[in-house]
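Participant: Could you have a look at this structure, given as structure tokens, before my questions?
The values are calculated or read from the model by the stated rules, or taken from the named source; none is laboratory data. Every value quoted in this text rests on a predicted model; they were computed, and no experiment measured them. Backbone-built Cβ (ideal geometry, glycine too); neighbour counts: all protein chains shown.
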Amino acid sequence: MTTELTIAVLGGDARYLEMIRSLQCSANASVFAVGFEQISQSFTGGIQRELEDINPQSLDAIILPIPGVGSNGQIETVFSDKNIQLTESWVDQLPKDCVIFTGITNDYLTKLCEKRNLRLVSLFDRDDVAIYNSIPTAEGAIMTAIKHTDFTIHGSKVVVLGFGRVGISVASKFDALGANVQVGSIHDADIARISEMGMRAFFLDRLPEMVKDTDILINTIPALVVKKAIIEQLPVQTLIIDLASKPGGVDFDYAKKRGIEAIHALSLPGIVAPKTAGNILSVVIKQILTNS
């Protein structure tokens, strides 16, 4: 960043504390934080602002929470009890080169930005963010497995569904711990890569027969894959960990009916490693702003 940038962080969770800290350390960035008054003044006291006290025309970037905004522009504020809303009239005052960052977007936010022709960056749609985040996600999956089982990962049969950005990291981490990892995919290239990495690969149409003696079943596919027919083949002591975004890829109701523990482990980076997750966001945001 060659010239000083003014950045407004509007709401956010624990990940955003480290992100703010990292952005502040950038000599050419001035950061204002809205919705953090419950945090120690020693951390955010000098940069805390009310939304109405910020001049939109001075902003080079806005960083919204991971969930984005609500259907009417409501902003999630974990560290504030105040209602904060991103309104059309406020957005209309932003400079045309202002960049708006969000974790995920929706119709409301997309239309606001399209109307003003503002650049909208959905961070969680980016490969780099997803790959970086796959590391704390995999570690969170390991933590979940240890917490909810009475056996070691080493020597256990772990079935991973999907071999995308998250699935690769999850499978390799469990493999490194000595698990008998078997990975399912629908793609020929994935099957070849899984085999090359020393794990057992199978096409998903063989899933019913592959899960019969599974200790831990981990899904990363954002579609209903672990259906009733699959759950019927699982031993009752199997632990299911679903890492896919809502609504997930598991029939949770039927798993409960069978007495199988199924956990929808969402937002693991922000839970198990908020500092790392926040730094990931900061690194990517700074890269984007530097290249803007």
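Participant: Among the numbered conditions (1) buried (at least 19 other Cβ atoms within 10 Å of the Cβ); (2) within 17 Å of PHE202 (Cα to Cα), tell me where THR144 comes up short.
Facilitator: Tallying (1) buried (at least 19 other Cβ atoms within 10 Å of the Cβ); (2) within 17 Å of PHE202 (Cα to Cα), THR144 fails exactly one: (2).
Participant: Quick one: count up the residues across segment 247-287 that are surrounded by 17 or more Cβ atoms within 10 Å (Cβ to Cβ) and touching a residue at least 60 places away in the same chain (Cβ under 8 Å).
Facilitator: Residues in segment 247-287 being surrounded by 17 or more Cβ atoms within 10 Å (Cβ to Cβ) and touching a residue at least 60 places away in the same chain (Cβ under 8 Å): 21 in total.
Participant: Let me ask something else. State whether the residues of segment 174-189 include one that is farther than 30 Å from PRO67 by Cβ, out of contact with any helix residue (DSSP H, G or I) (no Cβ under 7 Å at 6 or more places or on another chain) and in a strand (DSSP E or B).
Facilitator: yes
Participant: With SER89, SER40, SER80 as the choices, which residue is surrounded by fewer than 16 Cβ atoms within 10 Å (Cβ to Cβ) and under 22 Å from GLY270 (Cβ atoms)? Break it down stepwise before answering.
Facilitator: On the way: SER89 fails: under 22 Å from GLY270 (Cβ atoms); SER80 fails: surrounded by fewer than 16 Cβ atoms within 10 Å (Cβ to Cβ).
That would be SER40, the only listed residue that is surrounded by fewer than 16 Cβ atoms within 10 Å (Cβ to Cβ) and under 22 Å from GLY270 (Cβ atoms).
Participant: Being touching a strand residue (DSSP E or B) at 6+ places or on another chain (Cβ under 9 Å), of a type in the set (Lys, Arg) and more than 26 Å from ALA61 (Cβ to Cβ) narrows it down to one residue among ARG193, ARG258; which is it? Even if it seems obvious, please write down each step before you answer.
Facilitator: Details: ARG258 fails: touching a strand residue (DSSP E or B) at 6+ places or on another chain (Cβ under 9 Å).
After ruling out the rest, the residue left standing is ARG193.
Participant: While we're here: If the requirement is being in contact (Cβ under 8 Å) with a residue 40 or more places away in the chain, on the phi > 0 side of the Ramachandran plot and of a type outside the set (Ser, Thr, Tyr), which of these qualifies: GLY73, GLY12?
Facilitator: Values: GLY73 fails: in contact (Cβ under 8 Å) with a residue 40 or more places away in the chain.
After applying the criteria, what remains is GLY12.
Participant: So which residues in segment 15-42 are modelled with pLDDT of 90 or more and either among the small types (Gly, Ala, Ser) or at positive phi (or both)? Give the derivation first.
Facilitator: Taking segment 15-42 and keeping what is modelled with pLDDT of 90 or more, we get 15-23, 30-36.
Scanning segment 15-42 gives SER22, SER30, ALA33, GLY35.
Participant: Right, something else. Where in segment 65-159 are the helices (runs of 4 or more DSSP H), entirely inside, with at least 3 residues that are touching a Lys or Arg at 6+ places or on another chain (Cβ under 6 Å)? Outline the logic, then answer.
Facilitator: Details: elements: 88-91, 107-116, 127-147.
Counting at least 3 such residues, we get 127-147.
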